[in-house]
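What follows is a short report on a single structure.
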Amino acid sequence: QVQLVESGGGLVQAGGSLRLSCAASGRRFSSYTIGWFRQAPGKEREFVADITWSGGSTYYVDSVKGRFTISRDNAKNTVYLQMNSLKPEDTAVYHCAGKPQRGSWDYWGQGTQVTVSS
């Protein structure tokens with residue numbers, strides 16, 4: 001089995017920055033897409049961004065374009081989410097997930113809390 005472990009969350013003031021990490025273990029993810037999702041209390045889980053492991057193609061939800069950047073370090077089996085110009089509405093538990101080429105989001109981390117104060 002593969003495992004995904006998020007880290008890097010914390011408390012930050014509005015306008016500040018955080019970088020989240022998603023570390024994969026147990027398997028190489030060369031054929032996978034790795035994504036970031038977030039969930040606030042009382043809200044449904046929301047897609048944020050993703051990246052293809054091998055080619056580095058990226059996609060972002062409109063609400064974070066220009067503020068967040070997703071990247072990967074294949075040698076470290078780690079995907080990063082650089083979050084700049086943070087807003088209180090970005091407050092949520094952030095999860096990373098893995099998806100095969102023709103599959104669904106099969107692998108999930110346990111999440112890391114991001115809190116943005118106003």
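The residues in the range 77-107 that are farther than 18 Å from Ser54 by Cα, hydroxyl-bearing (Ser, Thr, Tyr) and not in a loop (DSSP other than H, G, I, E, B) can be counted, and the count is 1. Across the range 49-72, the qualifying residues are those that are touching a residue at least 24 places away in the same chain (Cβ under 8 Å) and assigned to a loop (DSSP other than H, G, I, E, B), and the one among them that is nearest to Met83 (Cα to Cα) is Trp53. Scanning the range 1-45 for residues being assigned to a loop (DSSP other than H, G, I, E, B), under 12 Å from the mean Cα position of the chain (by Cα) and more than 20 Å from Val64 (Cβ to Cβ) gives a total of 0.
Considering only the range 23-66, how many residues are modelled with pLDDT of 90 or more, among the hydroxyl-bearing types (Ser, Thr, Tyr) and open to solvent by 70 Å² or more (accessible area, probe 1.4 Å)? Number satisfying all stated conditions: 2. Residues in the range 67-102 that are on the phi > 0 side of the Ramachandran plot and either open to solvent by 50 Å² or more (accessible area, probe 1.4 Å) or in contact with a helix residue (DSSP H, G or I) (Cβ under 8 Å, 6 or more places away or on another chain) (or both): Ser85 alone.
The values are calculated or read from the model by the stated rules, or taken from the named source; none is laboratory data. As the structure is a prediction and not an experimental result, all values here were calculated from the model. Cβ coordinates were reconstructed from backbone atoms using ideal geometry, including for glycine residues, and neighbour counts include every protein chain displayed. Ligands, DNA and RNA are excluded from the accessible area calculation, which covers all protein heavy atoms including side chains. Shrake-Rupley method; radii C 1.70, N 1.55, O 1.52, S 1.80 Å.
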